[in-house]
Amino acid sequence: MHAVLLWLQATSLATTIAESTWLFPIIETLHVIGLALVVGSIASFDLRVLGLGWRTRPLKTLAADILPWTWAGFALALTTGSLMFISAAARYAANPAFLFKLGLMLLAGLNALVFHFHPHHRRFAAEVRAPAILRTSAAASLFLWIGMVVFGRWIAFV
């Protein structure tokens, strides 16, 4: 595996990113913008489910309005994160903060699947409190995404 990571970071794209004065910071800035879109839109949705924001707005309407922003932000964050990763793949793969971030990302994805496929997901209306399982999922989502931001920031310092 280590050999594959070394090969990846030796590709021309990876070395261009790693050796450029401006390319990595530009990619990192775009990554932060993508994360802001993802975390901001997901937090808005989770806070609605928890009854802490937009209580009168139907969940379906809110989801329809913010989901395109979530996916756009995720695509941007995934693309830019991958570009940053390849610039020093072996170092990132050995970084505990990076590994924790990836683990939290996996858990957040599983949590989103549980929420999305839970039978109560489509049933509760704006004036009805979300079932406990969905509130728990929303709280977990907030915790996981905040954790990803924290560990993502720690990557540079570990």
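Where a number appears in this text, it was derived from the coordinates with a stated rule and is not lab data. What you see is a predicted model, and the numbers here were worked out from it, not measured in a lab. Because the Cβ atoms are built from the backbone with ideal geometry, glycine has one as well, and the counts that use them run over all protein chains shown.
Overview of values
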read-out	value
Residues Arg48, Arg57, sorted so that the one with the fewest Cβ neighbours within 10 Å comes first	Arg57, Arg48
Crossing angle, helix 23-49 versus the chain [Cα axis fit, 0-90 degrees, rounded to tens]	20
Cα-based helix-to-principal-axis angle, 59-86 vs the chain, degrees rounded to 10	10
Size of electric dipole in the chain: Cβ of Lys, Arg +1 and of Asp, Glu -1, about Cα centre, debye, nearest 20	620
Pairs of Cα atoms farther than 25 Å apart, the chain, %	38
Residue among Ala3, Phe117, Leu102 farthest towards the positive dipole end of the chain, charges placed on Cβ	Phe117
Theoretical ellipticity at 222 nm over the chain - DSSP helices of four or more residues, -39500 (n - 2.57) apiece, nearest 500	-26000 deg cm²/dmol
Relative packing of 33-42, 66-75, which averages over residues the other C-beta atoms within 10 Å, highest first	33-42, 66-75
